[in-house]
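The values are calculated or read from the model by the stated rules, or taken from the named source; none is laboratory data. No experiment lies behind these values; they were computed from the predicted model shown. Counting neighbours? That spans all protein chains shown, and the Cβs are built from the backbone with ideal geometry, glycine included. What goes into the accessible areas is simple: the full protein's heavy atoms, side chains included, and nothing from ligands, DNA or RNA. Shrake-Rupley method; radii C 1.70, N 1.55, O 1.52, S 1.80 Å.
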Amino acid sequence: MIKTAVFIFLILLDLFTKFFIKNNLFLNQSIQINEYFDLVYVQNFGVSFGLFSGYVSHWILILIALIVVILIFYLLIKSDKQLEKLAYFFVIIGALSNIIDRLINSYVVDFILLHYENFYWPAFNLADIYITIGIIMLIMSFFIKSKTVK
């Protein structure tokens, strides 16, 4: 029950923030929050960092992402480590949220822009953070002995 609530909350939080940005900023508009962080409205038609943008149909990207989510869900079910299961859970949440966004818009809304002086990290969103947290936890699970789930 708690997992379902967390699952729904995190997806809705991501989709709400994307909706808010899309409806309150102009495309490519940037609002400086501090010297390292801006809010910006970017439409990502590709995959990570806009790769393959304009070269691949959004339907193909959705299909590939769904196949990956199914594979990760299978790994989640087969895993016997708590940390690994939690990692897969976060990756699935992030991937599904970006899939939903791509279904709604035919692109993914990115809005978090981190930078230092003239060095900029490509814009990203909360779903990307969920995926990153999941990947970090997955890497940690390879190095940490975890109790098996019974």
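Okay, residues lined up against (1) among the hydrophobic types (A, V, I, L, M, F, W, C); (2) in contact with a helix residue (DSSP H, G or I) (Cβ under 6 Å, 6 or more places away or on another chain); (3) in contact (Cβ under 8 Å) with a residue 40 or more places away in the chain:
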site: F20; (1), (2), (3): yes, no, no
site: V42; (1), (2), (3): yes, no, yes
site: Y55; (1), (2), (3): no, no, no
site: N105; (1), (2), (3): no, no, yes
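Across the range 41-63, a minimum of one residue is classified as more than 21 Å from W121 (Cα to Cα), open to solvent by 80 Å² or more (accessible area, probe 1.4 Å), among the aliphatic types (A, V, I, L, M) and modelled with pLDDT of 95 or more. Any residue at all in the range 7-27 that is in a loop (DSSP other than H, G, I, E, B) and open to solvent by 80 Å² or more (accessible area, probe 1.4 Å)? Within the range 7-27, one or more residues are in a loop (DSSP other than H, G, I, E, B) and open to solvent by 80 Å² or more (accessible area, probe 1.4 Å). Taken together, the criteria place L86 among residues that are surrounded by 14 or more Cβ atoms within 10 Å (Cβ to Cβ), hydrophobic (A, V, I, L, M, F, W, C) and either in contact with a strand residue (DSSP E or B) (Cβ under 6 Å, 6 or more places away or on another chain) or touching a residue at least 24 places away in the same chain (Cβ under 8 Å) (or both). Of the residues making up the range 19-40, those that are within 17 Å of S106 (Cα to Cα) and in contact with a Leu (Cβ under 8 Å, 6 or more places away or on another chain) number 1. Is it the case, given these coordinates, that F111 is more than 10 Å from the chain's Cα centre (by Cα) and either free of Cβ contacts under 8 Å to residues at least 40 places away in the same chain or within 13 Å of L10 (Cα to Cα) (or both)? It is false that F111 is more than 10 Å from the chain's Cα centre (by Cα) and either free of Cβ contacts under 8 Å to residues at least 40 places away in the same chain or within 13 Å of L10 (Cα to Cα) (or both). Note on the range 41-52: residues that are outside any helix (DSSP H, G or I) and within 10 Å of D110 (Cα to Cα) amount to 4.
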